[in-house]
1. What are the residues in the range 141-156 that are of a type outside the set (Gly, Ala, Ser), over 16 Å from residue 50 (Cα atoms) and touching a residue at least 24 places away in the same chain (Cβ under 8 Å), if any?
2. Go through the range 189-205 and give me each residue that's more than 13 Å from the chain's Cα centre (by Cα), in a helix (DSSP H, G or I) and either of a type outside the set (A, V, I, L, M, F, W, C) or within 15 Å of residue 13 (Cα to Cα) (or both).
3. Taking the options 32, 50, 26, 5, name whichever one is closer than 26 Å to residue 126 by Cα and either surrounded by 13 or more Cβ atoms within 10 Å (Cβ to Cβ) or at pLDDT below 90 (or both).
4. Being surrounded by fewer than 19 Cβ atoms within 10 Å (Cβ to Cβ), among the small types (Gly, Ala, Ser) and in contact (Cβ under 8 Å) with a residue 40 or more places away in the chain is the filter here, so list the residues in the range 157-169 that pass it.
5. Starting from the range 176-205, keep only residues that are free of Cβ contacts under 8 Å to residues at least 12 places away in the same chain, then list their pairs with residues that are acidic (Asp, Glu) whose Cβ atoms are within a distance under 7 Å, requiring at least 6 positions of separation or different chains.
6. What residue, among those in the range 106-150 that are of a type in the set (D, E, K, R), closer than 21 Å to residue 198 by Cβ and over 14 Å from the mean Cα position of the chain (by Cα), is surrounded by the most Cβ atoms within 10 Å (Cβ to Cβ)?
Amino acid sequence: MSPDATTGAHYRKAHFLLSTPALSQAPADDGAEVAFAGRSNAGKSSAINALTGIGSLARTSKTPGRTQHLVFFGLDDGRRLVDLPGYGYARVAEQVKRQWQQTLEDYLHHRRSLQGLLLVMDIRHPLTDYDQQMLRWCAAAGLAVHVLLTKADKLKRNAANQALFKVRGGLARLCPGATVQAFSAPERSGLEQAHAVLDHWLGYA
């Protein structure tokens, strides 16, 4: 059995709970949950599917911005994973984008059960304006953040290391205490490190 299969056992229990555009309709604010956020096309859904080992759990699409709701997945004992609306490229009306932005900010600042945020960035295009805004919100909310630099398989090792160095510098400025790693869903690299972060936040460690 591979290391990621062992460390990720809890997450293979993930199952769909509900999808809602409104925080008021979310599951009861108790237990513990970890949210995933990221710019559309950054590979957020693929990362969720890789981390849970369930290929069809989070919807993947070639159409940017398909996730337009808060999507809750149950684990066990009141633990949840949450897929937040993608931001950036979504081809929707400005009013809808503003509504998403307000919902995201409210969720990050007021959700008591939220233990941490996995922020997904394309390693080739990290720290976009949207990413930086998300980091500022998390810093203001005192929320723990771990960055997944996805699509690491698209870069050679030296370029990937340079991207890591750049993002670490940005995190120190925007959200001190946040951590970062390279990640590739197709190659299943970085799973063990990401699982360790999830385990710590959700109380499995």
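The values are calculated or read from the model by the stated rules, or taken from the named source; none is laboratory data. Here the structure is a predicted model, which is why all the values come from computation and not from measurement. When we count neighbours, we look across all protein chains shown, and the Cβ atoms used for this are built from the backbone with ideal geometry, even at glycine.
1. If the condition is that a residue be of a type outside the set (Gly, Ala, Ser), over 16 Å from residue 50 (Cα atoms) and touching a residue at least 24 places away in the same chain (Cβ under 8 Å), then 143, 145, 146, 154, 155 are the ones that fit.
2. Listed by number, the residues that qualify are 192, 193, 199, 200, 202.
3. Testing whether each residue is closer than 26 Å to residue 126 by Cα and either surrounded by 13 or more Cβ atoms within 10 Å (Cβ to Cβ) or at pLDDT below 90 (or both) leaves just 50.
4. Passing the criteria: none in range.
5. Correct list of pairs: 205/199.
6. In this case the residue turns out to be 111.
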